[in-house]
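The values are calculated or read from the model by the stated rules, or taken from the named source; none is laboratory data. Predicted model, so just to flag it, every value in this text is computed and none were measured. So basically every Cβ, Gly included, is an ideal-geometry build from the backbone, and we count neighbours across all protein chains shown.
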Amino acid sequence: MNTLMYDAKQDNYLTRAQVSNIITPPAMGRFHQPYPFDTYLDDVEHGLNTAGLCILGEEYAVQKDGQRLFGVMEVGLKTEGLKGQLITSDEWKVLLGVRGSHDQSVQRGMALGSQVMVCSNLCFHGNIGTLNTKQTLNIGSRLPGMIRGAVQQIPAMAERQGKVFDEMKSFPLKPRFGDAALCEIYRRDGFSAAQLGRAINEWHEPSYEEHAADGFTAWRLLNASTQALKPTGGQAHIDIVEGRSRVASQFIEEVMGLDW
């Protein structure tokens, strides 16, 4: 999959089976009840299965001596007798990011989208939606219900997202208009100055050939924006990344006149 961003010098990349071997520490106090990582992932998978979905691929990393967990799951339709199939086309995937900690340093959360950022530097965002909850005493009884409610929305969200992306790929933009659109996103606080420069470079010379397959389009503009917003080092602030990503995608949809 190669969608999970982590520091190989500080973090440990694990398989799902290895996550199950992580020892859950004892409670640190009256109001702290550690929620085992393997139980958390099992609850997420159960929620997916209940909604007719399955996990097609998964990646995990831990840090702080196993205190923090970060992961990404590739989600597909559950098909009887088969491994499953992607909800979407071959050009984008539905991804589900997960994170949490035993020491209360990171909230338990899920990030859903076609572009999901899950980084061990605490950047956590999905362009469809992000759910976070504090790890309080009753998290074990609260979170499974929250997970089920979130994943049941995935098929409808994926269908809507697919339609939006199809529209973007067939919506042409002149190169100079794309430059102007990126500057407007910057004016709306969707980029930092450095990110604006990266976005303009990506607009004219994409890092990935598939982003330029349909020429200068709204799809190419979206990918230029998301590439520019990827963390380049240091501690990325989750709220800033999430907010800027929303500004960029909403403005592009506004330009296209989409209201569904």
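Structure values in brief
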| quantity | calculated |
| --- | --- |
| Selection status of E210, touching a His at 6+ places or on another chain (Cβ under 8 Å) and farther than 18 Å from M256 by Cβ | no |
| Test for A111: is it small (G, A, S), within 16 Å of A158 (Cβ to Cβ), at pLDDT below 80 and not in a helix (DSSP H, G or I) | yes |
| So L69, is it under 18 Å from the mean Cα position of the chain (by Cα), at pLDDT below 80 and within 23 Å of K230 (Cβ to Cβ) | no |
| Condition check for I154: under 25 Å from G76 (Cβ atoms), surrounded by 15 or more Cβ atoms within 10 Å (Cβ to Cβ) and β-branched (V, I, T) | yes |
| Those residues of region 1-26 which are modelled with pLDDT under 75 and within 24 Å of V94 (Cβ to Cβ), in sequence order | M1, N2, T3, L4, M5, Y6 |
| Check on R176, in a helix (DSSP H, G or I), of a type outside the set (A, V, I, L, M, F, W, C) and closer than 24 Å to V75 by Cα | no |
| Looking only at region 84-107, and only at residues there that are modelled with pLDDT under 55 and exposed (fewer than 15 other Cβ atoms within 10 Å of the Cβ), the one that is farthest from F165 (Cα to Cα) | D90 |
| Residue within region 182-190 that is of a type outside the set (D, E, K, R), crowded, with 20+ Cβ neighbours inside 10 Å and either farther than 13 Å from F251 by Cβ or in contact with an Asp or Glu (Cβ under 8 Å, 6 or more places away or on another chain) (or both) present | no |
| Entirely in region 191-260, the helices (runs of 4 or more DSSP H) that have 1 or more residues that are surrounded by fewer than 17 Cβ atoms within 10 Å (Cβ to Cβ) and at pLDDT 85 or above | 193-204, 238-256 |
